[in-house]
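To start, the structure under review is shown below, and the notes come after it.
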Amino acid sequence: MNTAGLEQLAREAANFVDLQWTLVIRALQTVAPLAQGRLLDVGCGEKPYLNIFLPHVTQYVGVEHEASFKETQSSTRGLGPDVLYDGKRLPFADGEFDTVLSVQTLEHTPEPQALIREMARVLHPRGRLLLTAPFSFRLHEEPHDYFRYSPHGLRALCAEAGLVVERCNPLGHFWSLLGHKLNSYLALRVGRAGGLAQRLNKLGHEGKQRARPRYWALPFVAVGMTTVSVAAKVLDRVAPDESESLGYLIVARHRG
Ligand SMILES: C[S@@+](CC[C@H](N)C(=O)[O-])C[C@H]1O[C@@H](n2cnc3c(N)ncnc32)[C@H](O)[C@@H]1O
């Protein structure tokens, strides 16, 4: 197998043990058929979800907060935004997009209500907002890491912006949350594998990970993380506890 093949294999293994990634991807795949027309991805980063939505939309536009994007970007291997702005007013007309997508971005603005209001403004009256936000996640992209969200908080933010939440799905339950925290500790603290993950195009917006990997520990870390991931996925099914989740996906539309 050549280097590119090995890298692809390593990326797939890393994605498998990354419970948050698995859950976000699965949640987005479930709602992707609701997307249509022109789609705006707010806080698109490197557009990692482009291929999930492209079959359903006519255009995929990514917008980013210029300062925050440039400050936190640690990978340039993705696609990147089409439009940069100052984080205040989205540079688009009212109702210009049939779908507004925003994935794990709402925690990074100090003014989440203003950002939801902007998303509602650029959303067509019959369009849909598809948004995920974390309920529990370690600090990241510091200092631009401001909030975590419950389903009730997301509903309240939407209501103030004239939107109603049609659907709210948890991103995993208690065991996935616990498993993700354990795996983050194993990967980042025990194995110091943050830099390696960034070479695989993961942790793309967490600032440059500079710690030297503990290569001797990585085989143990890999076995530990795989065991934790499998156990978490099984336990979330057989002993679900919905009082905890990594985050939530909401689907919202304009009221009335
Ligand atoms: C955790 S990253 C998520 C990137 C991408 N959505 C993903 O899932 O890979 C959060 C992104 O939100 C962006 N961001 C922060 N505040 C923003 C704002 N007011 N408007 C748009 N993007 C913003 C940051 O620059 C960063 O790229």
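If you stretched the chain out fully between Val164 and Thr3, how much longer would it get, using 0.36 nm times the residue separation minus the C-alpha to C-alpha distance?
Taking 0.36 nm per residue and subtracting the Cα distance, the gain is 53.1 nm.
Just grab the label-to-label distance for Arg237 and Trp21, each label 7 Å out from Cα along the Cβ direction, in nm (one decimal).
Modelled inter-label distance: 2.2 nm.
Across 5 Å bins from 0, what is the distribution of all Cα-Cα pair distances for the chain, in whole percents?
1, 6, 13, 17, 19, 18, 12, 8, 4, 2, 0, 0
Output the peptides 89-96, 224-231, 59-66 sorted from most to least packed, where packing is the average of other Cβ atoms within 10 Å over each peptide's residues.
Ranked by mean Cβ neighbours within 10 Å, highest first: 59-66, 224-231, 89-96.
Report, largest value first, the span of the C-alpha coordinates of the stretch 175-238 along each principal axis, in whole Å.
Projected onto its principal axes, the Cα set of the stretch 175-238 covers 39, 27, 16 Å.
Taking only complete DSSP H runs, can you tell me which helices of the chain stretch 24 Å or more along their own long axis by Cα positions and average at least -1.0 on the Kyte-Doolittle scale?
Qualifying helices, which must be both long enough and hydrophobic enough, are 218-238.
For the chain, compute the number of Lys pairs whose alpha carbons are separated by less than 27 Å, excluding pairs fewer than 8 positions apart on the same chain.
14
Quickly work out the Val230-to-Glu71 label distance, labels modelled 7 Å from Cα along the C-beta direction, and quote it in nm with one decimal.
4.2 nm
Run the helix sum for the chain: -39,500 (n - 2.57) per DSSP H stretch of 4+ residues, divided by residue count, reported at 222 nm to the nearest 500 deg cm²/dmol.
-11500 deg cm²/dmol
Net charge near Asp98, counting Lys/Arg +1 and Asp/Glu -1 over other residues with Cβ under 15 Å of its Cβ?
+2
We did not get these values from a lab; they are worked out from the coordinates using the rules stated. Because the structure is a prediction, the values reported are computed rather than measured. Positions of Cβ are backbone-derived with ideal geometry, glycine not excepted, and every protein chain shown enters the neighbour counts.
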